[in-house]
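The values are calculated or read from the model by the stated rules, or taken from the named source; none is laboratory data. Keep in mind that what you see is a predicted model, and the values were worked out from it rather than measured. Positions of Cβ are backbone-derived with ideal geometry, glycine not excepted, and every protein chain shown enters the neighbour counts.
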Amino acid sequence: MSDTFKPGPREGTEAYRVQQEVEKRKKIAEERGIKDLMFELYFNKLKYFPNWIKSSRDYVPKVVESARSGKEDEKEILTLLFGGKTYRLEFSTRRFSTPDSDCESGLLELFTGQKKVFGIKTIRTLRMWGVEPEMAEAMADGKWGVTDISAFIDGDWVDDFEHLQEAIQEDNRLREIRRAEDPENTKRLRNGFGIE
């Protein structure tokens, strides 16, 4: 049964079969949390690894052997080596306008070798039109949000990035413990609160 408001391929065609399979695979990626995992990792951690490694390895887990960034044909390229494997993330953007805003769409893709194994579409609002200037800035916070999965081929890479996320969380936990138990901080607290 087809949706009369959303035309699509006719049942029984190759296009129909492929689109049904795509929906199944997107659902798997959604249910396993891969879309959110990769979005969070890239935008909150991975894209900063090359600079963090240069300044201090404190914020990069030891499992990450190297991280390099660059530009290629207007794409941000991030190459990570961890667990003895090399992964390449490519992020490209395109600006566009709607009647009420200026926006930017993005495409984040993950490659192992030359094979694309994952992709997500992203969007952010840069400026709102037709609202008070104070509201325009609040409504257009410029933060990226994920909108859809554009590619997903299951494989070992999923486990690798889940382990990387666990390593990042463990590093964060240990760093917080070191801060909490720092002798200088303890001394300041003792002095500040008169504790013997």
Would you confirm whether any residue within the stretch 45-55 is among the basic types (Lys, Arg) and either surrounded by 15 or more Cβ atoms within 10 Å (Cβ to Cβ) or modelled with pLDDT of 95 or more (or both)?
-> yes
Check on Thr86, surrounded by fewer than 18 Cβ atoms within 10 Å (Cβ to Cβ), part of a strand (DSSP E or B), more than 17 Å from the chain's Cα centre (by Cα) and of a type in the set (Ser, Thr, Tyr) = yes
Pairs, please: C-beta under 7 Å, at least 6 apart or cross-chain, first residue closer than 11 Å to Ala67 by Cβ and in the stretch 79-101, second β-branched (Val, Ile, Thr) and not in a strand (DSSP E or B)?
-> Phe82/Val63
When the stretch 106-122 is examined, which residues are found to be surrounded by 13 or more Cβ atoms within 10 Å (Cβ to Cβ) and without any contact (Cβ under 8 Å) to a residue 40 or more places away in the chain?
-> Gly106, Phe111, Lys116, Gly119, Lys121
Go through the stretch 147-184 and give me each residue that's more than 15 Å from the chain's Cα centre (by Cα), in contact (Cβ under 8 Å) with a residue 12 or more places away in the chain and not in a helix (DSSP H, G or I).
-> Ile153, Asp154, Gly155
Filtering the stretch 63-78 down to residues that are basic (Lys, Arg) and either touching a helix residue (DSSP H, G or I) at 6+ places or on another chain (Cβ under 7 Å) or touching a residue at least 40 places away in the same chain (Cβ under 8 Å) (or both) yields Arg68
